[in-house]
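Note sheet for the following structure.
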There are 2 protein chains.
Amino acid sequence: MSHLTIALDIMGGDHGPHIILPAAKKALQEFPHLKIILCGPQTIMSEWFDTLTNTLQTRIVLSDCPQSVDMDEAPTQAFRQKKQSSMRRMLDLVNEDHADACVSAGNTGALLTMAFYVLKTLPGIYRPALVSKVPTADNGRVYLLDLGANVNCDSEVLFQYAVMGSVLAEQIDEISKPKVALLNVGVEDIKGNDQVKHTASMLLDTEAINYIGFVEGNDIFGQKADVIVTDGFVGNIALKSWEGLASFVIEEVKKASQQNWWRKVLAAIALPLLKVIYTKMKPDQYNGASLIGLRGIVVKSHGNASSEAFLYAIRQAVREAEMQVPNKIKDKIEAVLMERH
Amino acid sequence: MSHLTIALDIMGGDHGPHIILPAAKKALQEFPHLKIILCGPQTIMSEWFDTLTNTLQTRIVLSDCPQSVDMDEAPTQAFRQKKQSSMRRMLDLVNEDHADACVSAGNTGALLTMAFYVLKTLPGIYRPALVSKVPTADNGRVYLLDLGANVNCDSEVLFQYAVMGSVLAEQIDEISKPKVALLNVGVEDIKGNDQVKHTASMLLDTEAINYIGFVEGNDIFGQKADVIVTDGFVGNIALKSWEGLASFVIEEVKKASQQNWWRKVLAAIALPLLKVIYTKMKPDQYNGASLIGLRGIVVKSHGNASSEAFLYAIRQAVREAEMQVPNKIKDKIEAVLMERH
């Protein structure tokens, strides 16, 4: 297999290099054909670099970046003033073909804005989308998009999201004719807002997409579809509400366990099961999210990701690079547009 | 205290009279000043009525309704063809001032449509909203609206929802100057879609509402506000997604418990705690939802509600009738409109 190069923003996320550098090392051990370009301050990177074996060192390039983007920095300000940041550098490396993909756990808004202006969208794609896999019954997975890249999605944008999601499921998960659904407030044709209804009629007319109709909020985890499409406003609020609910439930159980000694024992015993719940309820924390529809591959790891979760995000970037996802999206959109004209 | 009369649709919901008639009896025992008009087929009601004491019988009126609305019936069809249904009758009774409020666990879409056309909206209110209380940290509660009455909400409708939610928190929960927030994808002013941004500027200009700004999906359960306002499309999908997540998590725990005997023991012991979680994750199942903004009081119990949950919905109807919520909403909207002109 030919070499692949992934650029990493080591300064992003709540834990920065502490979790990202160990994840980088594990990724190099896992993928023998992988090279990594680390973007961050030279001093931090050198110290760590010196602890590695020569063999690993030859597969790493250090790209010194004096700036970094703060987690609460305004996106447009980051784009204008942080041209020497680790986040910007990794995007530049992808844009200039020095890297096949990049991964950051940094400020989501800044990453969306920078990636949009640096990499640009693919021909035929109006707006990029943030997509993540959500766990479903029977150990299944469903791609949910958009998770907040665009809060004003018209039906053309939703339609393009359906096409992009379908390509991801086909290429990354090798699902033939992935089932694509639209998230709605009911399953009947007359239900929903104007955007959703119009998108449905566009998808029904498109043979290249296996559109199966509307699904409701309670169907998301029910393995009804391989891809579920929604507006970034809805997707963002739903995803974040699951996180809020997870934290709330954990707190409630902790509180319940403090009521008496018997409940304390119960809670201690129940903890292994509750950990299962916690992971399931914060899907993006574990899986990361991909920013798709751009001319390059960008994977967004959760800001609070562990080293293991960041490694998962690197794996996602490797897989997308191997399958050349942007090219496949470009081809599919062209085919669909041909069908429509 | 003066007498109150509540009309009940005994045919609504998954379990109909089996859970509704016992709830009615308990409500009569709980509220000595309450009268109940039962709407449903005479045969079912008479048989149950005969088992009651004379004292209770004098406080019940049976209103024979030969029709009932099916759970999956199209709303417009139900409105046109089910004029003799138990759901329609209870609304007619409220409209004709024979009842102070009504409760149904039936088909939500049909109830919304019928209530809208039979009762009409209050002056100054464009559209009714479906609102429910969601549990938050430290045993708090937040009113979340709209949960699906309107999927195309412009900023004027969202603004009216803020006013209505504020009245509910003030009247029902006796909160002085309830904190009202808008659900958004971020807390900064520049975040969000056009409707939300415009609603924010309208609320900032309105002294009669204690508007505290944007909250995100993960803040819903965090006790940041007393009222959270969102579009019915977003609210419906978020609420239903919590139900889906609850069912999913319960199934996952069951599956995990089947892996070996030790896990089976763990799961059995953890069950009391998991029941806490289940209830928290399906707030509307327990609390019911109110349809507000109409000239009469309509409470929607969850279709799958237990007798206890249906009793909760009756209590909600009693409380709204005692506090004359529609009048209070009318007054507040008038005051706000005066302020704006």
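The values are calculated or read from the model by the stated rules, or taken from the named source; none is laboratory data. Remember, predicted model here, so these are calculated numbers, not experimental data. Note that each Cβ is placed from the backbone with ideal geometry, even for glycine, and that neighbours are counted across all protein chains shown. When the accessible area is computed, the model is the full protein with side chains, heavy atoms only, and any ligands, DNA or RNA have been set aside. Shrake-Rupley method; radii C 1.70, N 1.55, O 1.52, S 1.80 Å.
Would you check if residue B:15 is modelled with pLDDT under 95, surrounded by 14 or more Cβ atoms within 10 Å (Cβ to Cβ) and more than 21 Å from residue A:186 (Cβ to Cβ)?
Yes, satisfied.
Just name the residue that is nearest to residue A:11 (Cα to Cα) out of those in region A:82-96 that are open to solvent by 50 Å² or more (accessible area, probe 1.4 Å) and outside any helix (DSSP H, G or I).
A:84
Look through A:73, A:30 and report the one residue that is surrounded by fewer than 16 Cβ atoms within 10 Å (Cβ to Cβ) and either in the same structural domain as residue A:232 (by TED's automatic domain parsing) or not aliphatic (A, V, I, L, M) (or both).
Values: A:73 fails: surrounded by fewer than 16 Cβ atoms within 10 Å (Cβ to Cβ).
Step by step, each of A:73, A:30 is checked, and only A:30 is surrounded by fewer than 16 Cβ atoms within 10 Å (Cβ to Cβ) and either in the same structural domain as residue A:232 (by TED's automatic domain parsing) or not aliphatic (A, V, I, L, M) (or both).
I'd like to know if region B:70-92 contains one or more residues that are among the β-branched types (Val, Ile, Thr) and modelled with pLDDT of 95 or more.
no
Any residue at all in region B:263-286 that is within 30 Å of residue A:254 (Cα to Cα), part of a helix (DSSP H, G or I) and modelled with pLDDT of 75 or more?
No; the residues of region B:263-286 include none that is within 30 Å of residue A:254 (Cα to Cα), part of a helix (DSSP H, G or I) and modelled with pLDDT of 75 or more.
Would you be able to tell me the number of residues in region A:214-250 that are more than 22 Å from residue A:158 (Cα to Cα), aliphatic (A, V, I, L, M) and more than 20 Å from the chain's Cα centre (by Cα)?
So the answer is 3.
Name the one entry in A:333, A:329 that is out of contact with any Gly (no Cβ under 6 Å at 6 or more places or on another chain) and open to solvent by less than 20 Å² (accessible area, probe 1.4 Å).
Details: A:333 fails: out of contact with any Gly (no Cβ under 6 Å at 6 or more places or on another chain).
Selected residue: A:329, the only one of A:333, A:329 that is out of contact with any Gly (no Cβ under 6 Å at 6 or more places or on another chain) and open to solvent by less than 20 Å² (accessible area, probe 1.4 Å).
If residue A:48 passes every condition in (1) assigned to a helix (DSSP H, G or I); (2) under 19 Å from residue A:316 (Cα atoms) but one, which one does it miss?
Checking residue A:48 against (1) assigned to a helix (DSSP H, G or I); (2) under 19 Å from residue A:316 (Cα atoms), the one that fails is (2).
Residues in region B:131-144: is at least one at pLDDT 95 or above and either under 24 Å from residue A:152 (Cβ atoms) or among the aromatic types (Phe, Trp, Tyr) (or both)?
The answer is yes; a qualifying residue exists.
Kindly indicate the residue of region A:220-254 that is touching a residue at least 24 places away in the same chain (Cβ under 8 Å) and among the charged types (D, E, K, R) and also farthest from residue B:134 (Cα to Cα) among those meeting that condition.
A:226
Could you identify the single residue in B:213, B:217 that is small (Gly, Ala, Ser) and more than 21 Å from residue B:150 (Cα to Cα)? Break it down into steps so the answer makes sense when it comes.
Numbers: B:217 fails: more than 21 Å from residue B:150 (Cα to Cα).
Of the residues listed, the single one that is small (Gly, Ala, Ser) and more than 21 Å from residue B:150 (Cα to Cα) is B:213.
In this structure, does residue B:90 turn out to be under 16 Å from residue B:298 (Cα atoms), in contact (Cβ under 8 Å) with a residue 24 or more places away in the chain and among the hydrophobic types (A, V, I, L, M, F, W, C)?
Numbers: under 16 Å from residue B:298 (Cα atoms): yes; in contact (Cβ under 8 Å) with a residue 24 or more places away in the chain: yes; among the hydrophobic types (A, V, I, L, M, F, W, C): yes.
Judged against the criteria, residue B:90 is a match.
Of the residues that sit in region B:127-167 and are out of contact with any Lys or Arg (no Cβ under 9 Å at 6 or more places or on another chain) and in a helix (DSSP H, G or I), which one is nearest to residue B:322 (Cα to Cα)?
Within region B:127-167, the match that is nearest to residue B:322 (Cα to Cα) is B:165.
One residue is enough: does region A:199-206 have a residue meeting the conditions more than 8 Å from every other protein chain (Cβ to nearest Cβ), of a type outside the set (A, V, I, L, M) and closer than 22 Å to residue B:192 by Cα?
Step one: list which residues in region A:199-206 are more than 8 Å from every other protein chain (Cβ to nearest Cβ), which gives A:199-206.
If we keep only those that are of a type outside the set (A, V, I, L, M) as well, we get A:199, A:201, A:205-206.
Now restrict to residues that are closer than 22 Å to residue B:192 by Cα: A:199.
Within region A:199-206, one or more residues are more than 8 Å from every other protein chain (Cβ to nearest Cβ), of a type outside the set (A, V, I, L, M) and closer than 22 Å to residue B:192 by Cα.
Using the structure shown, decide if residue A:212 is hydrophobic (A, V, I, L, M, F, W, C), open to solvent by 60 Å² or more (accessible area, probe 1.4 Å) and either at positive phi or not in a loop (DSSP other than H, G, I, E, B) (or both).
yes
Restricting attention to region B:97-127, which residues are in contact with a strand residue (DSSP E or B) (Cβ under 6 Å, 6 or more places away or on another chain) and open to solvent by less than 10 Å² (accessible area, probe 1.4 Å)?
B:99, B:101, B:102, B:103, B:104, B:106, B:111, B:115, B:119
Which of the residues spanning region B:142-189 are open to solvent by 10 Å² or more (accessible area, probe 1.4 Å), small (Gly, Ala, Ser) and within 11 Å of chain A (Cβ to nearest Cβ)?
Those that are open to solvent by 10 Å² or more (accessible area, probe 1.4 Å), small (Gly, Ala, Ser) and within 11 Å of chain A (Cβ to nearest Cβ): B:148, B:149.
Yes or no, residue by residue, for (1) part of a loop (DSSP other than H, G, I, E, B); (2) within 21 Å of the chain's Cα centre (by Cα):
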position	(1), (2)
B:12	yes, yes
B:32	yes, no
B:36	no, yes
B:39	no, yes
B:56	no, no
B:62	no, no
B:70	yes, yes
B:80	no, no
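May I ask you to list the residues in region A:225-250 that are hydroxyl-bearing (Ser, Thr, Tyr) and either more than 9 Å from every other protein chain (Cβ to nearest Cβ) or open to solvent by 10 Å² or more (accessible area, probe 1.4 Å) (or both)?
Matches in region A:225-250: A:247 only.
Go through region B:210-231 and give me each residue that's at pLDDT 95 or above and either among the basic types (Lys, Arg) or closer than 21 Å to residue B:339 by Cβ (or both).
B:210, B:211, B:212, B:213, B:226, B:227, B:229
Could you please find all residues in region B:197-209 being more than 30 Å from residue A:190 (Cα to Cα) and open to solvent by 20 Å² or more (accessible area, probe 1.4 Å)?
Matches in region B:197-209: B:201, B:202, B:204, B:205, B:207, B:208.
Does at least one position in region A:176-185 carry a residue that is of a type outside the set (S, T, N, Q) and within 17 Å of residue A:326 (Cβ to Cβ)?
Our first condition is that a residue be of a type outside the set (S, T, N, Q); within region A:176-185, this holds for A:177-183, A:185.
After this cut, where a residue has to be within 17 Å of residue A:326 (Cβ to Cβ) as well, the list is none.
Checking region A:176-185: not a single residue is of a type outside the set (S, T, N, Q) and within 17 Å of residue A:326 (Cβ to Cβ).
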